[in-house]
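Structure record follows, encoded as structure tokens.
The values are calculated or read from the model by the stated rules, or taken from the named source; none is laboratory data. Just so you know, these numbers come straight off a predicted model, no measurement behind them. Cβ sites come from the backbone with ideal geometry, for glycine too, and all protein chains shown count toward neighbours. Just so you know, the surface numbers come from the protein's heavy atoms only, side chains and all, with ligands and any DNA or RNA stripped out. Shrake-Rupley method; radii C 1.70, N 1.55, O 1.52, S 1.80 Å.
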Amino acid sequence: MSLSGRDAVRAARRVVVKIGTNALTNATGRFNRAHFEALSEDLLWAARDRELVVVSSGAVALGMERLGLPTRPKDIPGKQACAAVGQSRLMQAYEEAFGRADRRVAQVLLTHGDVQDRRRYLNVKHALERLLEAHVVPIINENDTVSVDELKFGDNDTLAGLVAGGVEADALIVLSDVEGLYTADPRKSPDAQLLTQVDSVTPELLALAGGSGSQVGTGGMATKIRAAARVTELGVRCVITSGAVPGRLRAVLSGESVGTLFETPGSRRSARMAWIAHALKSKGRVFVDAGARMAVVTAKRSLLPSGIRSVEGEFGRGDPVDLLDERGEVFARGLSAYDAGDLRRIAGLKSTDIESVLGYRYIDEAVHRDDLAVL
């Protein structure tokens, strides 16, 4: 009999733990070494009989401390400089903490390009698998020093979700600065109640999440909920809880009802469809009519040129594009069978007209069903 809910989290054998900046720093953004030591003990306890992957923020905050900066820089070069100085200090802290129990750690720095390209994504997956086989704990962070996009738009919640899916984890534990998802902002509403379990992430649920309330972190509750939604599609349960309270990681992995548990749905998205849906960044936008949307979402069919109303952006054949309905809402992402220029020329036409217009016909579909993920 398969386990569910908290029992399944307790039985998890491969666990990804995401540690946010606020779980590693104090109110002024300085590294809280006493708290890090307590958190390290929890991580070592978790790694005793489980395979553990840690996605850790904190490099920029440690760099701020080392450089004597009172606040987080607002410019990209300033953030990159802090990340460059702080990353080695972050790894040194993990090396010392795990070294006391004779456990080895490995630094893994990733950019979005490492997951955007399918071949590189699989290389990352295989490297992490080999580290886990060798009983090494990977410490993963965004490569903020060289990756402008990640600093401007990225967050380690999204990265942790991609990692959890890539290594086929059993559970993702997100250690945040709040206890979990509440019915309202607990900092503003004394009547806010903690949601102990979420069975489905809905637009209404996302509306409960606000932005980042920190001067040193980049992710807010909304990014954590989206990460939870992505991993649960793959059968990975997720718990969001406070990293500021000692022992919370142990409590979660012991099956206690702390934080907010995001349960998995009945069906699972394939690894490739998850890669298309969540790992890729769109290079263009394709607006379709109501009939095409229904064909893609309800009938699970390919997108044909006849359903396309307009095309925005410049992209090549095989690049990821977002599909938008008549209201301008993104409802799917897929790999375009034609480049942007050719797709504009055949938009609204029947598939039988493709060759006469373009002089060639690659396939009848604008985006084939096998390359299309509904969001």
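Observations
- Any hit, the stretch 336-349, residues being small (G, A, S), open to solvent by less than 40 Å² (accessible area, probe 1.4 Å), touching a residue at least 40 places away in the same chain (Cβ under 8 Å) and farther than 30 Å from P203 by Cα: yes
- Within the stretch 324-341, the set of residues being aliphatic (A, V, I, L, M) and touching a helix residue (DSSP H, G or I) at 6+ places or on another chain (Cβ under 7 Å) comprises A332, L335.
- Taking the criterion of being at pLDDT below 90, of a type outside the set (V, I, T) and not in a loop (DSSP other than H, G, I, E, B), the residues of the stretch 133-158 that qualify are E142, D149, E150, L151, K152, F153, N156, D157.
- Filter result (free of Cβ contacts under 8 Å to residues at least 40 places away in the same chain and open to solvent by 50 Å² or more (accessible area, probe 1.4 Å)) within the stretch 249-276: G266, S267, R268, S270, R272
- Residue pairs meeting the criteria (Cβ under 9 Å; at least 6 apart or on separate chains; first part of a strand (DSSP E or B), in the stretch 192-207; second open to solvent by 50 Å² or more (accessible area, probe 1.4 Å) and modelled with pLDDT of 80 or more): L194/T183; Q197/S257
- Options L195, L172: the member that is surrounded by 14 or more Cβ atoms within 10 Å (Cβ to Cβ) and in contact with a Phe, Trp or Tyr (Cβ under 8 Å, 6 or more places away or on another chain): L195
- Of the residues making up the stretch 247-275, those that are part of a loop (DSSP other than H, G, I, E, B) and modelled with pLDDT of 85 or more are G247, S254, G255, E256, S257, V258, G259, E263, T264.
- Complete set of residues in the stretch 25-44 that are of a type in the set (D, E), out of contact with any Leu (no Cβ under 8 Å at 6 or more places or on another chain) and open to solvent by less than 70 Å² (accessible area, probe 1.4 Å): none
Here's the yes/no breakdown for (1) under 30 Å from K125 (Cβ atoms); (2) assigned to a loop (DSSP other than H, G, I, E, B); (3) over 25 Å from the mean Cα position of the chain (by Cα):
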| position | (1), (2), (3) |
| --- | --- |
| A277 | yes, no, no |
| A295 | no, no, yes |
| R317 | yes, yes, yes |
| D322 | yes, no, no |
| R327 | no, yes, yes |
| G341 | no, no, yes |
| R345 | no, no, yes |
| L349 | no, yes, yes |
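- Candidates in the stretch 297-309 are the residues that are in contact with a helix residue (DSSP H, G or I) (Cβ under 8 Å, 6 or more places away or on another chain) and open to solvent by less than 50 Å² (accessible area, probe 1.4 Å); of these, the one that is farthest from R344 (Cα to Cα) is S302.
- Count - residues of the stretch 190-238 that are of a type in the set (S, T, N, Q) and either in contact with a Pro (Cβ under 6 Å, 6 or more places away or on another chain) or at pLDDT below 85 (or both): 6
- Candidate set: the stretch 1-24, residues that are small (G, A, S) and more than 22 Å from the chain's Cα centre (by Cα); chosen: the one least open to solvent (accessible area, probe 1.4 Å): A11
Conditions (1) closer than 22 Å to V9 by Cβ; (2) open to solvent by 30 Å² or more (accessible area, probe 1.4 Å), marked per residue:
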site: S88; (1), (2): no, yes
site: A97; (1), (2): no, no
site: N123; (1), (2): no, yes
site: L131; (1), (2): no, yes
site: N141; (1), (2): no, no
site: E168; (1), (2): yes, yes
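Rundown of residues vs (1) touching a His at 6+ places or on another chain (Cβ under 8 Å); (2) surrounded by fewer than 17 Cβ atoms within 10 Å (Cβ to Cβ); (3) touching a residue at least 12 places away in the same chain (Cβ under 8 Å), yes/no style:
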site	(1), (2), (3)
F287	no, no, yes
A295	no, no, yes
V311	no, no, yes
R317	no, yes, yes
D322	no, no, yes
R327	no, yes, no
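- Among the residues making up the stretch 57-77, those that are out of contact with any helix residue (DSSP H, G or I) (no Cβ under 9 Å at 6 or more places or on another chain) and on the phi < 0 side of the Ramachandran plot are K74, D75, P77.
- Against the criterion of being modelled with pLDDT of 85 or more and farther than 22 Å from V167 by Cβ, F31 does not qualify.
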